[in-house]
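What follows is a single structure, written as structure tokens, with notes after it.
The values are calculated or read from the model by the stated rules, or taken from the named source; none is laboratory data. The model shown is predicted, which means the values in this text are computed figures rather than measured ones. Cβ coordinates were reconstructed from backbone atoms using ideal geometry, including for glycine residues, and neighbour counts include every protein chain displayed. Calculation scope for accessible area: heavy atoms of the full protein, side chains included, ligands and nucleic acids excluded. Shrake-Rupley method; radii C 1.70, N 1.55, O 1.52, S 1.80 Å.
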Amino acid sequence: MAASGTSYVLRFGDAEAIVASVGASLRSFQVAGRDLVVPYGEDEVRPGYRGATLAPWPNRVVDGEYEVAGTRYRLALTEPERHHALHGLVAWLDFEPVVVGADHVTLGATIVAQTAYPWTVRIETTYRLGADGLTQTVRATNESAGAAPFGTGPHPYLVAGSAPLDEWTLELPADRVLEVTPDRLSPVGLADVADVAEFDFRQPRTLGPVEIDHAFTALSRAEDGIAAVRVTDPSGTGVAISWDAVCPWVQVHTADLPGGPAQPGHRAGLAVEPMTCAPDAFNASRYDYDAGLVFIEPADTVEASWRISAI
């Protein structure tokens, strides 16, 4: 088996998406031969969480610890340098095919009950390519006897065009940003982007050298409830990701790496991650805002989706 798992190639018109079974990850997405996400190779171990499906939480659980119904749980610290549990439990599972078609694929995996997360949750995700872009839908079904805490989101690194990221223009319709500690990125509290000018992209403007690894909320939406982030290149090309109210949060990351420009992948794309819940939502009681954590009742299913489209 290739390092990325089994590849599923989806085609529609001049668009092609490749989904890798490890992490149900978006390995490549092109329209008319142009990359809309930062790709990786079939026989390449996925770089970090690039394109991965995140569940049963996106982002971080601070210190890997949380409490449900009076019981304290301790997760593996998968971000050891910051002492956090990062991006859930399915990103390195090998998803199995459920439905495979020419322009769509559904993959499934099960989170088995374990000491740090004692709930069994079935995850199925569908990628569908169409005239409006590539849509991913995640469905989670609780197969346990008790209510399961849950959140989800994707992790694509968007590519606007051939110019460097610093020259791209970002439109991010969010009124509030989650401020974090500079060393560990642990949540501190919400601020108005009007008071933190470097993160105010409500009006499209060039990214420049700004470094972003923050969650945003209070999103402006169209009449149909859809929020969208758009990134465009000076050449006029671009990419958008859109989602509905099931995801009230979005994490944006300029892909700055510790090694700087010498590190492969440094600022190669803009990670835009719609999320059903905030960072550290498993510890929602610590914060004075709605972190959006969902508890799935036994036998119930929750669903979230988002779409990547060419501009």
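Taking ALA131 as the residue in question, decide whether it is surrounded by fewer than 15 Cβ atoms within 10 Å (Cβ to Cβ), modelled with pLDDT of 95 or more and closer than 28 Å to GLU303 by Cα.
Numbers: surrounded by fewer than 15 Cβ atoms within 10 Å (Cβ to Cβ): yes; modelled with pLDDT of 95 or more: yes; closer than 28 Å to GLU303 by Cα: yes.
Spelling it out, ALA131 is indeed surrounded by fewer than 15 Cβ atoms within 10 Å (Cβ to Cβ), modelled with pLDDT of 95 or more and closer than 28 Å to GLU303 by Cα.
When you look at VAL100, is it among the β-branched types (Val, Ile, Thr), open to solvent by 60 Å² or more (accessible area, probe 1.4 Å) and under 15 Å from THR126 (Cα atoms), yes or no?
yes
Take the residues in region 161-219 that are under 26 Å from GLU79 (Cα atoms), out of contact with any Asp or Glu (no Cβ under 6 Å at 6 or more places or on another chain) and of a type in the set (Asp, Glu); name whichever of them is least open to solvent (accessible area, probe 1.4 Å).
My answer is ASP213.
Let's see how each residue does on (1) more than 30 Å from ASP233 (Cα to Cα); (2) in a loop (DSSP other than H, G, I, E, B); (3) more than 20 Å from the chain's Cα centre (by Cα):
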| site | (1), (2), (3) |
| --- | --- |
| ALA102 | yes, yes, yes |
| LEU107 | yes, no, no |
| THR110 | yes, no, no |
| TRP119 | yes, yes, yes |
| THR126 | no, no, no |
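Scan region 159-204 for residues that are touching a residue at least 24 places away in the same chain (Cβ under 8 Å), assigned to a strand (DSSP E or B) and out of contact with any helix residue (DSSP H, G or I) (no Cβ under 7 Å at 6 or more places or on another chain) and report the count.
Going through region 159-204 one residue at a time, the tally reaches 9.
For region 70-83, enumerate the residues that are part of a strand (DSSP E or B) and under 17 Å from the mean Cα position of the chain (by Cα).
GLU79
Report, by residue number, each residue of region 8-35 that is within 19 Å of ILE311 (Cα to Cα), open to solvent by 20 Å² or more (accessible area, probe 1.4 Å) and not in a loop (DSSP other than H, G, I, E, B).
Those that are within 19 Å of ILE311 (Cα to Cα), open to solvent by 20 Å² or more (accessible area, probe 1.4 Å) and not in a loop (DSSP other than H, G, I, E, B): ARG11, PHE12, GLU16, GLN30, VAL31, ARG34, ASP35.
Specify the residue that is nearest to VAL9 (Cα to Cα); the eligible residues are those in region 105-125 that are surrounded by fewer than 19 Cβ atoms within 10 Å (Cβ to Cβ) and touching a strand residue (DSSP E or B) at 6+ places or on another chain (Cβ under 6 Å).
Applying the filter and picking the extreme gives GLY108.
For (1) among the aliphatic types (A, V, I, L, M); (2) assigned to a loop (DSSP other than H, G, I, E, B), each residue gets a yes or a no:
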{"site": "ASP224", "(1), (2)": "no, yes"}
{"site": "ALA245", "(1), (2)": "yes, yes"}
{"site": "GLN251", "(1), (2)": "no, no"}
{"site": "GLY265", "(1), (2)": "no, yes"}
{"site": "ALA271", "(1), (2)": "yes, no"}
{"site": "PRO274", "(1), (2)": "no, no"}
